[in-house]
Amino acid sequence: MLQALRSTLLLSLTAFAVAACTLAPGPILAPAPQQPTTPSSTRADFNAVVQRMRPVATQVCRERNPRLDCNFMVVLDDRPDQPPNAFHTRDENGRPIIAFTIALIDDLRSHDEIALIFGHEAAHHIADHLPRIQEQAMTGALIGGLFAAITGADEATAQRIVNTSATVGARRYSKSFELEADRIGALIAARAGYDPLRGAQIFRRIPDPGNQFLGTHPPNAERLREIERAVDNMAAGRPI
């Protein structure tokens with residue numbers, strides 16, 4: 001029994017590591033095709049937005065979560081075979097990294113859209129979502145591992161139970177994290193002088209994930225409403 005428990009807990013730790021790498025918050029975007037832009041104008045637009053957004057994101061980070069490293073690094077992945085995407089992560093020292101693929105930049109239609117996506121990814125760091133997701137994945141994996149050990153599951157079955165439990169744990173609050181990142185992202189974009197409502201038009205173009213069980217993102221209409229509420233709260237002087 002103890003040997004089985006040790007084995008399944010090892011599987012739990014492995015599943016946690018996988019979940020921590022694959023379930024980081026952030027949108028996977030695939031907007032509808034539009035008129036192409038030249039690489040030079042694309043990079044110039046992106047760089048212009050980053051120059052305005054990064055110091056504001058740093059300021060908001062220090063206001064809301066001063067214990068974090070708020071020195072954002074921004075990376076542009078210009079490999080043409082990568083799909084439209086943006087995400088945030090942290091390096092080994094806790095420094096936040098925001099990454100965009102060139103395909104996403106090409107698909108965004110205004111500086112406001114670039115700013116909102118930047119703000120959204122920065123907000124995931126500010127709200128400390130990544131370690132919270134990792135903690136939930138670990139908890140789920142451990143519960144799954146204990147269940148597998150108690151029920152005497154074989155190694156292959158135990159692996160499936162642990163992996164599923166880690167995924168369920170990691171996704172437990174993922175939709176609420178996305179909405180929180182939308183709100184804080186709208187605040188950052190507005191403080192930098194961009195229009196979050198114009199930026200949110202991207203949610204009228206990207207595929208709607210719907211309200212799927214264990215989905216990672218809320219429906220697009222819900223995200224639009226969340227940003228509209230954030231803008232209303234800012235206008236009224238209410239907290240975000």
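Every number here is computed from the coordinates shown, using simple stated rules; none is lab data. Quick caveat: nothing in here was measured; it's all calculated off a predicted structure. Counting neighbours? That spans all protein chains shown, and the Cβs are built from the backbone with ideal geometry, glycine included.
As a calculated quantity, the FRET efficiency between residue 95 and residue 236 at R0 = 45 Å, using C-beta atoms, amounts to about 0.80. Highest mean first, the peptides 97-105, 118-126, 58-66, 184-192 sorted by other C-beta atoms within 10 Å per residue fall in the order 118-126, 184-192, 97-105, 58-66.
Checking the a/c ratio against 1.5 first, then a/b against b/c, what shape does the Cα gyration tensor give for region 66-137? Note, shape of region 66-137 comes out prolate. Between residue 135 and residue 75, the FRET efficiency estimated from the beta carbon spacing at R0 = 30 angstrom works out to 0.70. Length gained on full extension, residue 204 to residue 221: 5.3 nm, using 0.36 nm per residue less the C-alpha separation. Charge tally for residue 83 (other residues, Cβ to Cβ under 11 Å; Lys, Arg +1; Asp, Glu -1): -2. Shape class for region 46-99, computed from the alpha carbon gyration tensor (a ≥ b ≥ c): oblate, with a/c not under 1.5 and a/b at or below b/c. Just in region 88-132: which trypsin sites (Lys or Arg not before Pro) are loop by DSSP and have at most 14 other Cβ atoms within 10 Å? Nothing satisfies the criteria. Electrostatic bookkeeping for residue 208 treats Lys and Arg as +1 and Asp and Glu as -1; over the other residues with beta carbon under 11 Å from its beta carbon, the sum is +2.
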